[in-house]
Amino acid sequence: MDHVAILALFDRDMREGAQPDSPSARIERTGRVVRQVSSELGWNGVVWSDLDEATADAAIAEQIAHYHGLGLEFEWKLYGHDLPVDLGGRLRATGFEPRPEETLMIGEVADLTVDAEPPEGIRILPVTDQAGVDLVADVHEKAFGTGSSRLRHQLLSHLKADPETVVAVVALAGDVAVSAARMELVPGTRFAGLWGGGTVEEWRGRGIYRALVAHRARAAAERGYRYLQVDALNESRRVLERLGFQPLTTTTPYVYVP
């Protein structure tokens, strides 16, 4: 994989040419910044910027003023190759708080190991309705220890308004949901994004997460997508590397609360 070329393609398709991640969101382009604006329950933030030392501070101030006027918390999604090189420091100086760093990993679907099956006693169930969304949200709360109201709202809205652009699955042990994940498909691009993969603690280390990645990779291949993209924490990175994903850069969420 040509890392430089793929990263440039990712920036062009998925960031500069970003599409809203839910039917209730919209993408706005202002100057050299691309941002998403959604409801209070949706994701709000900067997905791409092309700044330099002379323009960065004014662009940051503009985004703060915009979201402050809407009364919305928002995120500046900073990638390791974004300029200027001190953009993270400039964000912190104006009140943004960094969240844990993640690794942008990309795999070419044709080169990935996608034959992993769930372990014995685990079945994978497609999520298509409110009951399935509730299972995904319950797993999210148990696996990550965070609230799920935003996830419930976004996933249910997505499934109702544009079901062809999202694949959500839950892994069940009997009738108990133990792992869940989703994939977002962006029409007109070569990328599908893997999101939200999480397994409740007592079920980790059994190959369930790996099976859900493989399941979604096969679904992406069937739909004609060439690449899979993941923002991976350290725990996921090791599994993804074994499946054939490669690290391209880092990404850090910088959050601003009005």
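The values are calculated or read from the model by the stated rules, or taken from the named source; none is laboratory data. All of these numbers come straight from a predicted model, not from anything done at the bench. Cβ sites come from the backbone with ideal geometry, for glycine too, and all protein chains shown count toward neighbours.
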I106 vs (1) surrounded by 20 or more Cβ atoms within 10 Å (Cβ to Cβ); (2) over 19 Å from the mean Cα position of the chain (by Cα); (3) hydrophobic (A, V, I, L, M, F, W, C): all pass except (2)
Considering only the range 49-58, I want to know if a residue exists there that is under 30 Å from S157 (Cβ atoms), surrounded by 18 or more Cβ atoms within 10 Å (Cβ to Cβ) and free of Cβ contacts under 8 Å to residues at least 40 places away in the same chain. yes
Among V127, V176, V169, which is the only one that is β-branched (V, I, T), within 16 Å of the chain's Cα centre (by Cα) and more than 24 Å from R12 (Cα to Cα)? V169
Would you confirm whether or not the range 104-111 contains a residue that is under 23 Å from R242 (Cα atoms), touching a helix residue (DSSP H, G or I) at 6+ places or on another chain (Cβ under 6 Å) and not in a strand (DSSP E or B)? yes
Counting only residues that are under 27 Å from L7 (Cβ atoms), within 19 Å of the chain's Cα centre (by Cα) and of a type in the set (D, E), how many does the range 56-96 have? 2
Exactly one of (1) touching a residue at least 40 places away in the same chain (Cβ under 8 Å); (2) closer than 17 Å to E108 by Cα; (3) under 15 Å from the mean Cα position of the chain (by Cα) is unmet by R182. Its number? (2)
Of all the strands (runs of 3 or more DSSP E) wholly in the range 155-215, which have at least 3 residues that are at pLDDT below 95, touching a Lys or Arg at 6+ places or on another chain (Cβ under 9 Å) and crowded, with 17+ Cβ neighbours inside 10 Å? 191-199
Considering the range 35-71 alone, what residues qualify as being out of contact with any Gly (no Cβ under 8 Å at 6 or more places or on another chain), hydrophobic (A, V, I, L, M, F, W, C) and either at pLDDT 95 or above or not in a loop (DSSP other than H, G, I, E, B) (or both)? V37, V46, V47, W48, L51, A54, A56, A58, I60, A61, A65, L70
Sole exception among (1) under 19 Å from D231 (Cα atoms); (2) loosely packed, with under 13 Cβ neighbours inside 10 Å; (3) among the polar types (S, T, N, Q) for T113, by number: (2)
Test A173 against the stated conditions and say whether it is within 30 Å of D2 (Cβ to Cβ) and aliphatic (A, V, I, L, M). no
Determine whether the range 82-89 contains at least one residue that is charged (D, E, K, R) and over 23 Å from E28 (Cα atoms). yes
A careful count of residues in the range 1-31 that are assigned to a helix (DSSP H, G or I) and not basic (K, R) gives 12
Mind checking whether some residue in the range 235-243 is part of a loop (DSSP other than H, G, I, E, B) and of a type in the set (S, T, Y)? no
Please indicate, with yes or no, whether at least one residue in the range 16-33 is farther than 24 Å from A181 by Cα, crowded, with 18+ Cβ neighbours inside 10 Å and out of contact with any Gly (no Cβ under 8 Å at 6 or more places or on another chain). yes
Among the residues of the range 135-145 satisfying the criterion of being over 13 Å from A171 (Cα atoms) and out of contact with any strand residue (DSSP E or B) (no Cβ under 6 Å at 6 or more places or on another chain), which is surrounded by the most Cβ atoms within 10 Å (Cβ to Cβ)? K142
